[in-house]
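Report on the following structure.
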Amino acid sequence: MSNDALTAVLARTSHVLLDFDGPVCSVFSNFTPGAVAKELRARLCLNEATESNEPFDVLEYVAHHEPSAAVEAEAELARLETKAVATAAPTPGALDVLRHFADIGRPIVVVSNNSAAAIHAYIDQHALARYIAGVSARTAPAPDLLKPNPHLLLRAIELLGTTPVSCLMIGDSETDIAAARAAGTPVVAYANKPGKRARFSVTNPNAIVDRITEFLPETTALR
């Protein structure tokens, strides 16, 4: 099925800002976010005020309410994410897309709220460095600078030495879309789960794809 909106946005961009959890792999496919959050709370001896099953919520709680423990929380979350990516399931077709973008000279920077250390570990484990120009991800306990804040995208654009309008953000969440809008970059939403296409339609991305392989030439994607 053709996607004219995708074709149009690809034609007017030359660089890719790629989210990690979803478009590249399922970070918590074997070590769930709830398990990560639980272990993080236990390691930090946090109270019931942080009962969220989202690890980023725990990090945000610590940063805002127990700042003296923020550096420890960041280090511990990075360790747990690195543990998770060791068994993370690659997104079907993601490697083909990375190769395709590399083949046509479209540089990729991974832009993620996940730990930079965990992302580099996954890249090394799967020998992806040849396809990826850089990583702009979490390196400090500063949750306010994570997406939907455009900070990580702007850092990636600076790393690429280009302009926002030449970059295409690819992400699977509303925060990716919001960050792209704030940074001034076009954005394609990856609707990889039921219900996401309807939610994304409200946010008006430049295009929506249901499969990451829609970024491949049609003849390749159909093989």
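The values are calculated or read from the model by the stated rules, or taken from the named source; none is laboratory data. Predicted model, so just to flag it, every value in this text is computed and none were measured. FYI the Cβ positions are ideal-geometry reconstructions off the backbone, even for glycines, and counts take in every protein chain you see. For the accessible areas, the whole protein counts, side chains as well, though only heavy atoms, and no ligand, DNA or RNA atoms are used. Shrake-Rupley method; radii C 1.70, N 1.55, O 1.52, S 1.80 Å.
Taking T91 and the conditions (1) out of contact with any Gly (no Cβ under 8 Å at 6 or more places or on another chain); (2) touching a residue at least 40 places away in the same chain (Cβ under 8 Å); (3) open to solvent by less than 60 Å² (accessible area, probe 1.4 Å), which numbered condition does it fall short on, given that it satisfies the others?
Every listed condition holds for T91 apart from (1).
What's the number of the condition I132 fails, among (1) among the hydrophobic types (A, V, I, L, M, F, W, C); (2) over 23 Å from D210 (Cβ atoms); (3) within 13 Å of the chain's Cα centre (by Cα)?
Failing condition for I132: (3).
Report, by residue number, each residue of region 156-186 that is farther than 19 Å from G134 by Cα and aliphatic (A, V, I, L, M).
Matches in region 156-186: I177, A178, A182.
Residues in region 88-116 that are part of a helix (DSSP H, G or I) and under 20 Å from E158 (Cβ atoms): how many?
2
Can you find even one residue in region 29-36 that is open to solvent by less than 20 Å² (accessible area, probe 1.4 Å) and in contact (Cβ under 8 Å) with a residue 12 or more places away in the chain?
Scanning region 29-36 turns up at least one residue that is open to solvent by less than 20 Å² (accessible area, probe 1.4 Å) and in contact (Cβ under 8 Å) with a residue 12 or more places away in the chain.
Would you list the strands (runs of 3 or more DSSP E) that sit entirely within region 130-223 and hold 1 or more residues that are surrounded by fewer than 18 Cβ atoms within 10 Å (Cβ to Cβ), without any contact (Cβ under 8 Å) to a residue 12 or more places away in the chain and hydroxyl-bearing (S, T, Y)?
Counting at least 1 such residues, we get no strands (runs of 3 or more DSSP E) at all.
For region 16-28, give me the residue count where each residue is touching a helix residue (DSSP H, G or I) at 6+ places or on another chain (Cβ under 8 Å) and open to solvent by 30 Å² or more (accessible area, probe 1.4 Å).
1
Within region 118-129, can you find the residues that are open to solvent by 60 Å² or more (accessible area, probe 1.4 Å) and not in a loop (DSSP other than H, G, I, E, B)?
Selection gives H120, D124, Q125, A129.
So, in region 26-65, exactly how many residues are charged (D, E, K, R), in a helix (DSSP H, G or I) and out of contact with any Pro (no Cβ under 6 Å at 6 or more places or on another chain)?
Looking only at that region, the number is 6.
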